[in-house]
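Heads up, the thing below is written out as structure tokens.
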Amino acid sequence: MSNYDSFNDIVLDVLDRMDENTDGTSDWDAAIRRAIVRAHHHLHAVQPWWWALADPPGAFNTVAPITNRTLTVAAAGIAVAGTLSSSIATSIAGYKVRPGGKDYYFRVTAHTAGAAAITIDAAPEALAAGTTTTIFQEEGNLAADLGLFQDGLWTSDGQFIELTDQEFMKREYPDPPDGAWPAKYFCRLGKRKVRFSTYPTEVDRVEYAYYKTPADPSGATDLVIDQNFRWLLSDGGLY
């Protein structure tokens, strides 16, 4: 009865196999639609299917560290103010700062592009005027629809950065991090954020092949799932 081309086709097939009305008047219509979406979720949770492979792959640029600014912090504390020796044209909110000669870093929680004032998450001590700093970004934000990496990250000259877990990174590459590029490893910090084992020391293009988290199916649009797998949605919804 159904060509399995669209979500609506799957709904029609399930209702028909239940001996229910297929004209939208069935009491089961809404429940069947939810069940098919759930079957769609399950299908994509068990296997990184080829049809979900993003084309083109994802890409982003690393950020070179900033080493030509000094920093003043008047007092230790939480959410304290700091003053750079001169403004920075782009916002460094989210960046990390390692004061010269210190064995710690702190994170910039607020900074307006073009300003010299920053807000620091937690400063363990005051820093005198003229304290040298390294301002770096060891994290990267990725595609909004990122589900799973196919393998890892690739630099512009074809060097591979291996995916590992946070526990390994914390054990083998504890804070404060060192600067080196390309990094040897990276780990996921969340759905869209990754951390490198060493922070980038240059601007470089990074590419990554990934499987998308597919949107929930609906309506008459053709399903992205290959034809010979679409029956799984019908059987899953019926079950």
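The values are calculated or read from the model by the stated rules, or taken from the named source; none is laboratory data. All of these numbers come straight from a predicted model, not from anything done at the bench. Glycine also receives a Cβ, built like all others from the backbone with ideal geometry; neighbour counts cover every protein chain displayed. Only protein heavy atoms, including side chains, enter the accessible area calculation; ligands, DNA and RNA are left aside. Shrake-Rupley method; radii C 1.70, N 1.55, O 1.52, S 1.80 Å.
I'd like the Karplus ³J(HN,Hα) series for the range 217-230: coefficients 6.51, -1.76, 1.60, θ = phi - 60°, whole numbers in Hz, and an x wherever there's a Gly or Pro.
Residue by residue, the range 217-230 yields x, 6, x, 9, 5, 4, 5, 6, 5, 4, 3, 6, 10, 5 Hz.
Using a 1.4 Å probe, how large is the accessible area of ILE66, given in Å² and rounded to the nearest 10?
Accessible area of ILE66: about 30 Å².
Let me make sure I get this right: for the range 62-112, a, b and c are the square roots of the gyration tensor eigenvalues over alpha carbons, sorted descending. Under 1.5 in a/c it's rounded, otherwise prolate if a/b > b/c, else oblate. Which is it?
On the way: a/c = 1.41, a/b = 1.23, b/c = 1.15.
Verdict is rounded for the range 62-112.
Using the Cα centre as the reference, give the magnitude of the dipole from point charges on the C-beta atoms of the chain (Lys, Arg: +1; Asp, Glu: -1; all else neutral), rounded to the nearest 20 debye. Provide the component values of the computation, followed by the final result.
On the way: 20 positive and 31 negative charges, 277 e Å.
Around 1320 debye, computed over the chain.
Describe numerically, in nm with one decimal, the distance between label points set 7 Å from Cα along Cα→Cβ at LEU148 and at ASP103.
4.1
Indicate the gyration tensor shape class of the range 1-79 (rounded, prolate or oblate), computed on the Cα atoms with a ≥ b ≥ c the square roots of the eigenvalues: a/c under 1.5 is rounded; otherwise a/b larger than b/c is prolate and the rest oblate. Intermediate values should be presented prior to the final figure.
On the way: a/c = 5.28, a/b = 2.72, b/c = 1.94.
Verdict is prolate for the range 1-79.
Just how many % of Cα pairs in the range 172-239 lie over 14 Å apart, if you round to the nearest whole percent? Each step should come with its number before you reach the end.
Working: 1697 of 2278 pairs.
Result for the distance tail: 74 percent.
Per 0.36 nm of contour for each residue apart, how much would the distance between LEU53 and GLU125 grow if the chain were fully extended, relative to their Cα-Cα spacing? Please report the intermediate quantities before stating the final value.
Working: separation 72, 0.36 × 72 = 25.92 nm, distance 4.79 nm.
So the extension gain works out to 21.1 nm.
How would MET18, MET169 rank on accessible area, largest to smallest, probe 1.4 Å?
Details: MET18 60, MET169 0 Å².
Sorted descending by solvent-accessible area, the residues read MET18, MET169.
Just grab the label-to-label distance for GLU207 and SER26, each label 7 Å out from Cα along the Cβ direction, in nm (one decimal).
4.6
So what's the angle, to the nearest 10 degrees on a 0 to 90 scale, between helix 7-17 and the longest Cα principal axis of the chain?
The answer is roughly 40 degrees.
With label points built 7 Å along Cα→Cβ from the Cα atoms of SER85 and THR112, find their separation and express it in nm.
For SER85 paired with THR112, the spin-label model returns 2.4 nm.
Using Cα atoms only, what is the angle between the long axis of helix 29-46 and the major principal axis of the chain, expressed in degrees (0 to 90) to the nearest 10?
50
Please list, ordered by chain and number, the residues whose modelled amide H lies under 5 Å from the amide H of ALA110; skip anything fewer than 5 residues away on the same chain.
Under 5 Å from the amide H of ALA110: GLY94, THR119.
Sequence gap of 8 or more, or different chains, plus Cα separation below 23 Å: how many lysine pairs satisfy both in the chain?
11
For the range 118-239, what is the accessible area per residue in Å² when the probe is 1.4 Å? Walk me through the intermediate numbers first.
Working: 6210 Å² over 122 residues.
Accessible surface, normalised per residue, equals 51 Å².
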